[in-house]
Amino acid sequence: MSSGNESIKRYLNYIGGSWKEPTGGEYYPNLNPADETDVIGHFPLSTVDDAVEAVSQAHRAFPAWSRLLPQQRAQYISRFAELLEKDVQRIAEGLCREEGKTMKEAMGEPGRGYTECNYFIGEAQRLDGITMPSDRANVSSVAVRVPLGVIAAISPWNFPFLTPIRKIIPALATGNTVVFKPAYDTPLCGVMLMELFDQAGFPPGVVNMVIGRGSTMGDAICGDPRVKGITFTGSTTVGRRINRIAAANFTKVQLEMGGKNPCIVAQYQDLNRAADAITAAAFAVTGQRCTSISRVIVMRNQAEELETLITERMKSYVLGKGSDPQVTMGPVINRAAGESIMQYIRSAEEEGAKIRAGGRQLTGGKFDKGFYIEPTLITEVTPKMKVAIEEIFGPVLVVIKVDSFEEAVSVANDSEYGLAASLFSDNLAWIHEFQANVESGMVHINHGTVTDACMPFGGVKSSGLGPFSKGSTNKDFYTNYKVNYVQYR
């Protein structure tokens, strides 16, 4: 929601059921990554006082909200879902303008959000407990699930509408209240989300949003002892910091962090199909996905053919502003991100790798208004090169050649990350070996890294900590068990 002179598009925080100015009165301009001359709006630079007020409102609203029947909470969420379904086009247009996605990608976010929202409405009404026969006469032993309290939901910029839904809806459905901090680069999506919650009539304080820099508010929100759970998606560096802050209060965490996702290709006959899947998984959302395939590990006897097929598919990408229906790849999120990606590409050449395709920042005309990088394929990469180890988070795919399947799995596991891993193979024994031995939270066989709404989502090692999100495991984060013993006589 905006305030003041409409021409400057000034937006507000959402705290206690009302739209509120930041206490410090400061705002920042949010720019369209496809056209930096396009100011989307001015958004709050919230202060610690704003964060504390949001937590206070959520804490105050928790007792009444948590006492509602699951069916009653589901009615509020159903109204939200109905409003979301009707508003997909407007949301997608705002998302495309703010994040840089193509319209096709932008339409997918609220659409998928609607699907996952409806799934968890049902899941939250099946909060299973534990009933066991007691080892004592005339005693019943029952464990029930209870909500945590105030949940801090901190979301990233790459899926600025879908990821908050994945955090806020299950929190509310299980009886918690929420303080939401959207990413600094994509606050408009947060505002559009809060508008839907407001229109759905949620009680004041049940859902709150504060906009601004995590470095200013993050410690205040995550370190507040009234916050009982923190669900975060973002970089591993920030995730580590949140975990340290949370540990002081023994606050429960659900951390979804970085990835350097491997894809092994070994004894797979349909390389055209593999190339289709790998290219799509590598370059969707301009490669700015935590589950993007970023490392192809291929047996030498199929490497040249696979590289050629991927290169052919990369030629079809059309870069530009996502609102253009002809465009199939948008810009990276901002100039700093683009410069970082280009540094990785240069480092690969310096270490002896080969830029097989792409590798340039596009300039001139429309490209000067944003930061556009060609989809890039880097070959002759060795496992210890910087581009093979670090998360680049952009449209860059590297190819590592190996001599055996055992070596391929070893290279795949030689990473601090363990989010998603793929294998394309017709060898059934290798498929089973991969499923058993790859160090990854999610495993994909003979397809890309697409996930289902009903399945858990998460990683191991430096990619994740705490219960997986989505699916049935979500309630393991948003609830605790309360064990009840009753003696009848």
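Some observations on this one:
- Given R0 = 60 Å, the distance between the Cβ atoms of Gln89 and Ser140 translates into a calculated FRET efficiency of 0.70.
- The separation of the stretch 280-345 from the stretch 40-117, counted between C-alpha centres, amounts to 30 Å.
- Hydrodynamic radius by Kirkwood, which averages 1/r over all alpha carbon pairs of the stretch 261-453, in angstrom: 16.7
- Pair Asp426, Glu195: separation of 7 Å Cα→Cβ label points (nm): 5.3
- Arg346-Ser316 pseudo-label distance in nm [points 7 Å out on the Cα-to-Cβ vector]: 3.4
- Taking amide hydrogens as placed 1.01 Å from N in the peptide plane, the amide H of Val253 sits under 5 Å from those of Ile230, each at least 5 positions away in sequence or on another chain.
- Computed extension length for Arg360-Arg489: 38.6 nm, one decimal, from 0.36 nm per residue of separation with the Cα-Cα distance subtracted.
- With the highest mean first, a sort of the peptides 39-46, 120-127 on other beta-carbon atoms found within 10 angstrom per residue produces 39-46, 120-127.
- Label-point separation, Ser235 to Ser404 (7 Å along Cα→Cβ), nm: 3.9
- Residues in the stretch 169-185 reached by a label modelled at Lys482 [backbone nitrogen below 14 Å; 7 Å Cα→Cβ]: 175-176
- Projecting the Cα positions of Gly365, Val399, Gly320 onto the charge dipole of the stretch 261-453 (unit charges on Cβ atoms of Lys, Arg, Asp and Glu, taken about the Cα centre) puts Gly365 furthest along the positive direction.
- Fraction of C-alpha pairs exceeding 20 angstrom in the stretch 373-489: 55 percent, rounded to a whole number.
- The stretch 389-446 and the stretch 225-261 have their alpha-carbon centroids 26 Å apart.
- Overall, the stretch 261-453 carries a charge dipole of about 820 debye about its Cα centre when +1 sits on the Cβ of Lys and Arg and -1 on the Cβ of Asp and Glu, all other atoms neutral.
- Which listed pairs, of Lys354/Lys384; Lys228/Lys252; Lys354/Lys401; Lys252/Lys482; Lys167/Lys470; Lys181/Lys369, have C-alpha distances above 18 Å, in listed order: Lys181/Lys369
- Which of Lys181, Lys354, Lys252, Lys86 has the fewest Cβ neighbours within 10 Å, and the rest in rising order: Lys86, Lys354, Lys252, Lys181
- Matching the structure-derived Rg and Dmax of the Cα atoms in Å against the labelled list (1) 23.4, 84; (2) 23.1, 71; (3) 25.3, 80 gives the label (1).
- A Förster distance of 41 Å, applied to the separation of the beta-carbon atoms of Arg126 and Arg60, puts the FRET efficiency at 0.90.
- Based on Cα contacts under 8 Å between residues 6+ apart, the chain shows a relative contact order of 18 percent.
- Think of each Lys and Arg Cβ as +1 and each Asp and Glu Cβ as -1; about the Cα centre, that makes the dipole of the chain roughly 1460 debye.
Where a number appears in this text, it was derived from the coordinates with a stated rule and is not lab data. Source: prediction; values computed, not measured. All Cβ positions, glycine included, derive from the backbone under ideal geometry; neighbour counts span all protein chains shown.
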